[in-house]
Amino acid sequence: MNIRLAVLAGARPNFMKVAPLIAALRADEDFRVILIHTGQHYDDTMSGQFMRDLQIPPPDYHLQVGSGSHAQQTAEIMRRLEPVLIEADVDGVVVVGDVNSTVAGALVAAKLGLPVIHAEAGLRSFDRSMPEEINRVVTDCLSDLLLVTEQSGHSNLLREGKQSGQIAMVGNLMVDSLTKNLPEAMRSDVRERLGINGRFGLVTLHRPANVDDGEKLAEIVSTLHIIAEEIPLYWPVHPRTRARLEAGRIAAPGFLHLLEPLGYLDFLCLQAKAAVILTDSGGIQEESTVLAVPCLTLRENTERPITIECGTNRLAGTSKESILNAWKEANASPRTGIIPPLWDGLAGLRCHEAIKRFFVGPRVS
Ligand code: UD1
């Protein structure tokens, strides 16, 4: 048997998902797997460092699309991907997560008549002002095999008309990367390098809704200042956010420490050691749940409800008042949480099984 699969990655949160997936598929000689990097993220701190930290082999193709508006970036990925998929003559395409590379890959594959496999399918924030929500809905609509991380994903897909035979609950690929790399991450000297002593909090912010509007960003930063008087906060700043802070001349002195983006291992080390994490990221809500570190999510909703039901996550909203309330609640009644079902480091193996079954077993459509 020779199943030729293209696995697509493009942006920072994709890399920790494709690493265990590629490893599991390439361990089976029935698969011939090619990795395609779209180049959606291109700074070394956003891509190369992650590929190295996660020991992802060099991509077979690099599309080098770079930044642009959503339409430009998505269209450019589609334009450059189509001839690659034709040349590579693949039997199917695997896309992960919810970034523009994900939806672009699903569109090109579906229009070439290739099966689309989506890892991290079914998550819904029910908020279409979020670009990722549109990417999720469209990708799932076009996908033939849907690999799901949590029960809500399964229910959402059934409600949207998918057949249960198309959906496999596989667990969480990010947790595979976390489990594998945590021992190495804990050996990182990042705290010494940054001069962190004692308790600290970790911040990340990059959602357009939080950072593109100067007033909103200023409100969040001034709220972080208040929290930083109680506990020093360290904030590796996404390039998008850095540009907005500079454009709005928003200063962050005092105990709110702005950093360059960190690599995977350094960031994982800080997550594991932090007393609290304040974030608007999707993946960090999941990682903090697995690490049992309290997480305040600076959003009004989450597509990952299991992190609230089982884990350490709380929705903190994005206003000064709501964030400070959540901070007080988190101090008054800390959540310990449990690790969600199948977030056990073996999702790559389950993905491999489900994908193999998809290609050798009877098809459900
Ligand atoms: C993207 C994803 C988001 C994910 C995030 C993680 C979409 C719609 N969004 O958002 O879901 O959580 O990645 O980081 O796909 N930039 C650089 N260097 C880079 C990449 C980006 O400087 O390597 C700057 C550019 O100014 C760019 C901006 O960041 O315009 C935004 O990058 P983009 O890929 O459009 O979206 P992200 O905000 O990174």
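The values are calculated or read from the model by the stated rules, or taken from the named source; none is laboratory data. Values in this document were obtained by computation on a predicted structure and should not be read as measured data. Methodologically, a virtual Cβ is constructed for each residue, glycine included, from the backbone with ideal geometry; neighbour enumeration extends over all protein chains shown. Surface accessibility is based on the protein's heavy atoms, side chains included, excluding ligands, DNA and RNA. Shrake-Rupley method; radii C 1.70, N 1.55, O 1.52, S 1.80 Å.
Here are the numbers:
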read-out: Descending semi-axes in Å of segment 16-126, equivalent ellipsoid built from Cα gyration tensor; value: 20, 18, 15
read-out: Cβ-based net charge around G39, under 15 Å, with every Lys or Arg adding one and every Asp or Glu removing one; value: -1
read-out: Amide H within-cut-off set for V33, under 5 Å, with H built and near neighbours excluded; value: L5
read-out: Inter-centroid distance (Cα atoms) of segment 205-233 relative to segment 174-202, Å; value: 23 Å
read-out: Which of W343, V116, V84, positive extreme of dipole for the chain (C-beta unit charges); value: W343
read-out: Among L217, A243, L256 - extreme Cα towards positive end, dipole of segment 183-332, charges at beta-carbon; value: L256
read-out: Highest average packing first - 274-281, 69-76, 40-47, Cβ atoms within 10 Å; value: 274-281, 40-47, 69-76
read-out: Among P253, P58, P131: highest mean-square fluctuation, GNM of the chain, C-alpha pairs under 10 Å; value: P253
read-out: Accessible area (Å², per residue) of segment 81-186, counting only protein heavy atoms and a probe of 1.4 Å; value: 34 Å²
read-out: MRE, 222 nm, helices only [DSSP H, n ≥ 4, -39500 (n - 2.57), over the chain, to nearest 500]; value: -14000 deg cm²/dmol
read-out: Estimated dipole of segment 53-141 in Debye, rounded to 20 [Cβ of Lys and Arg +1, of Asp and Glu -1, Cα centre]; value: 280 debye
read-out: Carbon and sulfur %, accessible surface of segment 183-332 computed with the full protein complex present, 1.4 Å; value: 50 percent
read-out: Label-point gap, in nm, between N2 and Q72 - each point 7 angstrom along Cα→Cβ; value: 4.1 nm
read-out: Rounded to the nearest 20 debye, dipole of the chain from Cβ charges on Lys, Arg, Asp, Glu; value: 180 debye
read-out: Charge-dipole axis of the chain as Lys and Arg at +1 and Asp and Glu at -1 on Cβ define it, positive-most pick from P57, S125, F31; value: S125
read-out: Nearest 10 degrees, 0 to 90: helix 12-26 Cα axis against the chain principal axis; value: 40 degrees
read-out: Residue-wise HN-Hα coupling along segment 257-266, computed from phi with Karplus coefficients 6.51, -1.76, 1.60 (Hz; x: Gly, Pro); value: 9, 8, 10, 5, x, 9, x, 4, 5, 5
read-out: Three-way shape label, segment 37-95, alpha-carbon gyration tensor, a/c 1.5; value: oblate
read-out: Highest-MSF residue in the chain out of E353, E82, E321 [GNM, Cα springs under 10 Å]; value: E321
read-out: Global geometry of segment 183-332, whether rounded, prolate or oblate, following the gyration tensor of its Cα atoms and the 1.5 cut on a/c; value: rounded
read-out: FRET efficiency, 1/(1 + (r/R0)^6) with R0 25 Å, evaluated for E246 and Q64 via beta carbons; value: 0.45
read-out: Degrees, to the nearest 10: 131-142 long Cα axis against longest axis of the chain; value: 20 degrees
read-out: For Y234, distant residues with modelled amide H under 5 Å away; value: G201, L202, V203, H257
read-out: Gaussian network model of the chain, Cα within-10 Å springs - most flexible of A272, A347, A247; value: A247
read-out: Ranked by how many other beta carbons lie within 10 Å on average, peptides 330-337, 202-209, 115-122, 215-222 from highest; value: 115-122, 202-209, 215-222, 330-337
read-out: Residue-normalised accessible area of segment 251-365, expressed per residue, 1.4 Å probe, Å²; value: 40 Å²
read-out: Nearby lysines by direct alpha-carbon distance to K273 (threshold 23 angstrom, same-chain neighbours under 8 apart not counted); value: K17, K180, K328
read-out: Length gained when the stretch A88-K328 is fully extended (0.36 nm per residue, less Cα-Cα span); value: 81.0 nm
read-out: Computed E for I226/I338 - FRET, C-beta separation, R0 45 angstrom, nearest 0.05; value: 0.90
read-out: Cα shape, segment 105-161, gyration tensor, a/c 1.5 rule; value: oblate
read-out: The chain: radius of gyration over Cα atoms, expressed as a fraction of 2.2 N^0.38 Å; value: 0.96
read-out: Estimated dipole of segment 183-332 in Debye, rounded to 20 [Cβ of Lys and Arg +1, of Asp and Glu -1, Cα centre]; value: 180 debye
